[in-house]
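In what follows, a structure is listed as structure tokens, so that the remarks can point back to it.
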Amino acid sequence: MTMEFTDRVSRVEPSATLAISALATELENEGADVVDLSVGEPDFPTPENIVEAGKAAMDAGHTGYTTSAGILELREAIADKLAADGLEHTTDEIIVTPGAKQALYEIVQALVEDGDEVVLLDPAWVSYEAMVKMAGGDLTRVDLAETDFQLEPALDDLEAAVSDETELLVVNSPSNPTGAVYSDAALEGVRDLAVEHDITVISDEIYKEITYGVEPTSLGTLEGMADRTVTVNGFSKAYSMTGWRLGYFAGPEDLIDQAGKLHSHSVSSAVNFVQHAGLEALETEEPVAEMVDAFEDRRDLVVDLLDDHGVDVAEPEGAFYMMVPVDDDDQAWCEGAIEDAHVATVPGSAFGTPGYARISYAASAERLEEGIERLAEEGYL
Ligand code: PMP
Ligand code: GLU
């Protein structure tokens, strides 16, 4: 039988980051020693107290469905965390999701329909584009490559890109894939445009806890933004909990009500005992600070090593990624790097910015040194 597939799915490709990581695993299974700098995943185990809380929750019988939006205790704890960042939300304005990716998916499905304009700041994380295309939206992209990935000097370009037709703008600071943290002046510029053109803004803050000497401002705290910002965060990165699948979003109650319908008809809820582990995660400080310190050391190491090879990068202030300038044909560069040097990276074109490769430096210092040495030896630097 020949199945007929929807336009919706044929508009998108599988996630490039996950695809390259799968290729690296395949090569490893064939016996190759691959330095995998592709997927964005902390290389630390989940802190022990969080694992113990998950186990204890299972033992205590927290294994059934929960309220679709998530257990009340966790939504209360999330509301407290958001309030500490200056964002006021009741528990009715929060949905707990299996990963921030699901949160973004639900928001986009609730807000974007055929022909709606969505603006992205490039380079932008791979799944924003795919989610918008699946919803039928049209993308307008603002390139930040010319401004060292900073938004403030590119506000004129953003102004030229948005209009009354713009439905949604996605801001991700600290950014995946650049590690840029946008200045307050940049966020105020976003606010002015969002208010002027009545635009809803997603503020994806999944790397907010991973910064080096800067304090990122939450967009929703700016005057005029509370009723038009949807704040997304999750546990994957800050608490090294990628496989647990836990995230959340907070926004105006009418959006939460609409997105909540999608949530209840798709995932039902996030996993019960994982939500209990999430409660413990929100109390966890020291292991997080240790991981952030390690990422900062590694950032410095990679910037220095690249500099030794004459490669200049825009120094990231957050997350654990950096964009390395490579050949114009970044796809060929990345394919060659994995085949010849067995170093896995992600082509910038997957993020809308050709001519770069994204390195995730969530790997040990030894592996980072090994990876850069191999790239240099094989003529890729
Ligand atoms: N937003 C950004 C910018 C990301 O890099 C990721 C990484 N996976 C996510 C959202 C989703 O994360 P998760 O679903 O693991 O919470
Ligand atoms: N967000 C991470 C990355 O960009 C994990 C993979 C994914 O979800 O795309 O590598």
- request: Identify the single condition in (1) away from ligand 1 (no atom under 14 Å from the Cβ); (2) out of contact with any strand residue (DSSP E or B) (no Cβ under 6 Å at 6 or more places or on another chain) that Thr166 does not satisfy, given that it satisfies every other one.
  value: (2)
message: So in region 217-231, with the set limited to residues that are buried (at least 24 other Cβ atoms within 10 Å of the Cβ) and hydroxyl-bearing (Ser, Thr, Tyr), which one is farthest from ligand 2 (Cβ to nearest atom)?
response: Thr229
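A quick yes/no check of all residues on (1) of a type in the set (Asp, Glu); (2) in a loop (DSSP other than H, G, I, E, B); (3) crowded, with 19+ Cβ neighbours inside 10 Å:
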position: Glu26; (1), (2), (3): yes, no, no
position: Ser38; (1), (2), (3): no, yes, yes
position: Phe44; (1), (2), (3): no, yes, no
position: Gly54; (1), (2), (3): no, no, yes
position: Ala57; (1), (2), (3): no, no, yes
position: Tyr65; (1), (2), (3): no, yes, no
position: Glu76; (1), (2), (3): yes, no, no
position: Leu82; (1), (2), (3): no, no, yes
field: Condition met for Ile210 (among the aliphatic types (A, V, I, L, M) and within 16 Å of ligand 2 (Cβ to nearest atom))
entry: yes
query: When region 232-288 is examined, which residues are found to be hydroxyl-bearing (Ser, Thr, Tyr), within 16 Å of ligand 2 (Cβ to nearest atom) and assigned to a helix (DSSP H, G or I)?
result: Thr242
- prompt: Is region 56-79 home to any residue that is aromatic (Phe, Trp, Tyr), within 16 Å of ligand 1 (Cβ to nearest atom) and closer than 28 Å to Glu283 by Cβ?
  reply: no
Residues being β-branched (Val, Ile, Thr), more than 14 Å from Ala363 (Cβ to Cβ) and away from ligand 2 (no atom under 11 Å from the Cβ) - total across region 13-35: 1
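Mind listing just one residue for me: the one in region 192-216 that is under 16 Å from Leu155 (Cβ atoms) and surrounded by fewer than 21 Cβ atoms within 10 Å (Cβ to Cβ) and, of those, nearest to ligand 1 (Cβ to nearest atom)?
Step by step, filter region 192-216, then rank; the result is Leu193.
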query: Do you know which of the residues in region 92-101 that are part of a helix (DSSP H, G or I) and buried (at least 21 other Cβ atoms within 10 Å of the Cβ) is farthest from ligand 1 (Cβ to nearest atom)?
result: Glu93
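If you check Ala337 against the conditions, is it at pLDDT 95 or above, surrounded by 19 or more Cβ atoms within 10 Å (Cβ to Cβ), more than 15 Å from Met241 (Cα to Cα) and small (Gly, Ala, Ser)?
Yes: the conditions hold for Ala337.
Mind checking which residues of region 1-19 are of a type in the set (S, T, N, Q) and within 24 Å of Gly40 (Cβ to Cβ)?
Within region 1-19, Ser15, Thr17 meet the criteria.
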query: Pairs under 6 Å by beta carbon, first residue closer than 14 Å to Leu74 by Cβ in region 95-106, partner more than 12 Å from ligand 2 (Cβ to nearest atom) and modelled with pLDDT under 95, six or more apart or different chains?
result: none
message: Can you tell me which residue is surrounded by the most Cβ atoms within 10 Å (Cβ to Cβ) among those in region 240-258 that are farther than 20 Å from Ala77 by Cβ and more than 16 Å from ligand 1 (Cβ to nearest atom)?
response: Leu255
- prompt: Of the residues Ala110, Ala84, which is away from ligand 1 (no atom under 16 Å from the Cβ), modelled with pLDDT of 95 or more, out of contact with any Asp or Glu (no Cβ under 6 Å at 6 or more places or on another chain) and within 17 Å of Leu169 (Cβ to Cβ)?
  reply: Ala110
message: Any residue that is touching a residue at least 40 places away in the same chain (Cβ under 8 Å) and within 24 Å of Val267 (Cβ to Cβ) - is there at least one of those in region 23-38?
response: no
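Could you check how many residues of region 42-66 are touching a Ser or Thr at 6+ places or on another chain (Cβ under 9 Å) and either at pLDDT below 95 or closer than 11 Å to His276 by Cβ (or both)? Full working, then the answer.
Just the residues of region 42-66 that are touching a Ser or Thr at 6+ places or on another chain (Cβ under 9 Å), to begin with: 42-47, 49-50, 54, 57, 65-66.
Next cut, either at pLDDT below 95 or closer than 11 Å to His276 by Cβ (or both) only: 50, 54, 57, 66.
Final tally of qualifying residues: 4.
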Residues that are surrounded by fewer than 19 Cβ atoms within 10 Å (Cβ to Cβ) and at positive phi, drawn from region 295-324: Gly310
task: Return the only residue of Ala350, Ala344, Ala319, Ala332 being closer than 16 Å to Glu378 by Cα, touching a residue at least 40 places away in the same chain (Cβ under 8 Å) and of a type outside the set (Phe, Trp, Tyr).
output: Ala344
- request: Within region 15-23, identify whether any single residue is modelled with pLDDT of 95 or more, out of contact with any Pro (no Cβ under 7 Å at 6 or more places or on another chain), of a type in the set (A, V, I, L, M) and under 21 Å from Gly234 (Cα atoms), and answer yes or no.
  value: no
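The values are calculated or read from the model by the stated rules, or taken from the named source; none is laboratory data. This one's a predicted model, so the numbers in the text were calculated from it and none came from an experiment. Virtual Cβ from ideal backbone geometry, glycine too; neighbours counted across all protein chains shown.
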